[in-house]
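The values are calculated or read from the model by the stated rules, or taken from the named source; none is laboratory data. Quantities reported herein were computed from a predicted structural model and do not represent experimental measurements. Methodologically, a virtual Cβ is constructed for each residue, glycine included, from the backbone with ideal geometry; neighbour enumeration extends over all protein chains shown. The protein model used for the area step is the full one, side chains on, heavy atoms only, and it has no ligands, DNA or RNA in it. Shrake-Rupley method; radii C 1.70, N 1.55, O 1.52, S 1.80 Å.
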Amino acid sequence: MAESADARGPLGPFRPGLAALLLLLAAACAAGQIAGRPNVLLILADDLNDWVGCLSGHPNARTPNIDRLASQGVLFREAYAASPKCNPSRTALLLSLRPSTTGIYDNSHWWRPHLPKAVTLPEAFRLGGYDVVGAGKIFHHTAGFNPSDLWDRYFDLPFDDPWDRVGAAYPRIAPAPPPNGHPLAGIEPFRHELDWGALPMDEGDYGDARTVEWAASFLAEPRTDPFFLAVGLFRPHLPWYAPARYFDAIPPDDAILPNVPEGDLSDVPAEGRRLAESGADVFRNIRESGKWSEAVAAYVANVAFADAMVGRLLDALDASRHAGNTVVVFASDHGFHLGEKEHWYKSTLWERSTHVPLVVRGPGIEPGRNCDRPVSLLDVYPTLVEIAGLPLHPALEGASLMGLLRDPAGDADRHAVVTYLRGNDAVRRGKWLYIRYRDGGEELYDRDADPEERTNLAGEDSLRAIIRELRSLLPSESAPPAPTKGRYVFDPDSYTWTARR
């Protein structure tokens with residue numbers, strides 16, 4: 001399958017999936033539904049778990065700007081990624097389609113050649129007459145994930161570590177020598193991205209700072225057409241590079257470490273242990289190197305740096321003429337383990353990998369309220385489309401949050417489904433977390449009584465009815481995995497994919 005550059009028009013390549021949306025848009029225009037539309041500022045952090053102040057996720061968390069935003073809108077305290085990894089989570093959010101529907105289960109799949117009819121969130125706004133602009137990491141950040149036809153303007157992600165990001169995955173980055181002392185954290189043997197410290201550069205030269213500066217300049221522009229601005233912050237994704245002042249604010253000796261009791265995986269089924277063990281060797285190496293406190297402090301420092309970038313964006317918006325008519329959504333693509341369940345990184349179905357901050361602020365949204373219903377990042381797309389009065393594409397699998405924005409205590413039956421790799425699914429509903437793995441293994445946790453998920457209740461006979469009910473909420477079918485990137489030849493100049501024979 002290939003996309004041809006010849007097919008590009010003023011809106012990029014015309015794909016069959018756009019036809020239905022165009023018809024809906026025409027009907028919306030005829031009905032006068034798109035007058036006085038608000039602007040949208042979508043801010044996505046990367047690898048940010050619930051270690052933010054407004055979620056009380058960790059005692060060391062210092063996130064005054066995210067907390068400020070939460071006080072100005074609705075904070076969804078039980079928000080979940082559709083998948084605990086970058087590409088499947090972001091693809092799900094921006095298409096409002098589950099991984100079990102698309103087959104995008106991991107970072108190794110390109111979404112566009114596999115899903116040529118999909119209408120993305122930016123496209124829905126572009127077709128609706130919005131000026132659609134992006135900066136930083138929105139879709140996955142390596143080559144082939146961010147087709148240029150989605151945007152009217154785009155500021156590409158500037159990396160802080162080009163010496164570790166060269167080759168076919170990053171064709172636009174020129175090789176550069178590593179800074180003195182690299183790897184800065186001194187973890188041996190060095191592993192790709194597992195590093196942290198302050199780089200020898202000014203704060204304004206960091207990639208996220210440059211992304212935010214560009215976005216702030218956009219917000220300062222006068223304009224008459226409504227805009228959709230997506231800003232992707234790379235932090236706190238590894239490597240944890242940030243200005244020195246953020247590290248100085250949390251000395252390693254002050255870092256409070258996660259509780260990791262001996263034998264915590266003893267009641268976890270085989271597939272769950274396998275997923276946890278994929279990062280266990282890194283965790284063991286960090287502990288044996290005496291670097292655990294330093295690593296936790298580095299993560300907290302990078303969370304603080306990301307929070308500062310959120311603050312600069314909010315200040316730029318509030319100083320602009322667009323402040324009173326702009327909906328702001330802030331979220332993270334998934335969480336991150338720092339030793340919980342004997343695991344490092346993400347890619348598990350436990351709360352640490354899947355629970356994320358989600359805030360919605362905007363005109364007509366009563367500030368300072370919390371919603372404790374489980375919701376999914378799949379819900380962002382239909383919510384923003386409804387707020388903007390744009391047509392709702394019938395293929396979307398998320399559910400609009402508008403009802404909960406009006407009444408955060410409503411919709412008691414709400415639930416959120418999470419998938420990682422084919423056949424591994426979880427659901428959060430009420431107080432329950434239920435996980436079913438592809439090997440048939442199960443986990444059930446009462447999150448009210450057991451917030452650290454220590455006791456697997458799946459074997460309790462008295463809970464079989466609850467398990468059956470939760471199991472019925474999981475995907476009934478799981479699509480085969482999408483072709484991996486190795487199945488295509490990608491041309492970054494024409495942004496086309498050609499299937500290998």
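For the residue pairs LYS291/LYS485; LYS117/LYS346; LYS137/LYS341; LYS341/LYS431, the C-alpha atoms sit more than 25 angstrom apart in LYS291/LYS485; LYS117/LYS346; LYS137/LYS341.
Of all DSSP-defined beta bridges confined to the chain, some 50% are antiparallel rather than parallel. Can you compute the label reach from ASP253? Point 7 Å from Cα along the Cβ direction, backbone N cut-off under 17 Å, restricted to the range 298-322. Backbone N within reach: 298.
Take the Cα of ASP413, step 7 Å along the line toward its Cβ, and report every residue of the range 464-497 whose backbone nitrogen sits under 15 Å from that point. Inside the label zone: 469-474. Straightening the chain between TRP163 and ASP439 buys 95.3 nm, computed as 0.36 nm per residue apart minus the Cα-Cα spacing. Note on the range 308-413: with charges restricted to the Cβ of Lys and Arg (+1) and Asp and Glu (-1), its dipole about the Cα centre is near 320 debye. Residue-wise HN-Hα couplings along the range 39-56, as the Karplus relation 6.51 cos²θ - 1.76 cosθ + 1.60 with θ = phi - 60° gives them from phi, are 6, 10, 10, 9, 10, 10, 8, 10, 6, 8, 7, 8, 7, 10, x, 5, 9, 6 Hz; Gly and Pro carry x.
Placing a pseudo-label 7 Å from each Cα along the Cα-to-Cβ vector at ARG223 and LYS431 gives an inter-label distance of 4.7 nm. Computed over the range 219-326, the P(r) curve from all C-alpha pair distances, binned at 10 Å from the origin, holds 12, 28, 24, 19, 13, 4, 0 percent per bin. The mean accessible area for residues of the range 357-413, using a 1.4 Å probe and ignoring ligands and nucleic acids, is 37 Å² per residue. Positive end of the dipole of the range 124-204 (Cβ unit charges, origin at the Cα centre): among HIS140, LEU150, PHE190, the Cα lying farthest that way belongs to LEU150. Residue separation of ARG501 and SER289 scaled by 0.36 nm, minus their Cα-Cα distance, works out to 71.6 nm of gained length.
Descending by average beta-carbon neighbour count within 10 Å, the peptides 323-329, 469-475, 353-359 line up as 353-359, 323-329, 469-475, the highest first. The simple spin-label model puts a point 7 Å past each Cα toward its Cβ; for LEU473 and GLU460 those points are separated by 1.6 nm. With the Cα gyration tensor of the chain giving a ≥ b ≥ c as the square roots of its eigenvalues, does the rule (a/c under 1.5 for rounded; else a/b larger than b/c for prolate; else oblate) give rounded, prolate or oblate? It is rounded, given that a/c, with a ≥ b ≥ c, falls under 1.5. Relative to one another, the C-alpha centroids of the range 233-265 and the range 320-345 are positioned 16 Å apart. Relative contact order, whole percent, for the range 45-178 stands at 14, derived from Cα pairs under 8 Å and 6 or more residues apart. Cα gyration tensor of the range 54-195, axes a ≥ b ≥ c as square roots of the eigenvalues: rounded (a/c below 1.5), prolate (a/b > b/c) or oblate? In terms of gyration-tensor shape, oblate.
Amide H contacts under 5 Å for THR63: GLY53, restricted to partners 5 or more places along the chain or on a different chain, H placed in the peptide plane at 1.01 Å from N.
In order along the range 153-162, the phi-based Karplus estimate (6.51 cos²θ - 1.76 cosθ + 1.60, θ = phi - 60°) of 3J(HN,Hα) comes to 9, 8, 9, 5, 4, x, 8, 8, 9, x Hz; Gly and Pro are listed as x. Between GLU188 and VAL260, the modelled labels are 2.1 nm apart [label points 7 Å from Cα along Cα→Cβ]. Put a plus charge on the Cβ of each Lys and Arg, a minus charge on the Cβ of each Asp and Glu, and nothing anywhere else: the dipole of the chain about its Cα centre is then about 1440 debye.
Taken one residue at a time, the phi angles of the range 105-111 give Karplus couplings (6.51, -1.76, 1.60, θ = phi - 60°) of 9, 8, 7, 8, 10, 7, 7 Hz. Gly and Pro are set to x. The alpha carbon gyration tensor of the range 286-382 gives principal lengths a ≥ b ≥ c with a/c of 1.5 or higher and a/b no greater than b/c, which makes the shape oblate. Placing a label point 7 Å from the Cα of ARG274 along the Cα-to-Cβ direction, the residues of the range 392-435 whose backbone N falls under 14 Å from that point are 420-425.
Only DSSP H runs of four or more residues enter the estimate; each adds -39500 (n - 2.57), and after division by the residues of the chain the mean residue ellipticity at 222 nm equals -7500 deg cm²/dmol.
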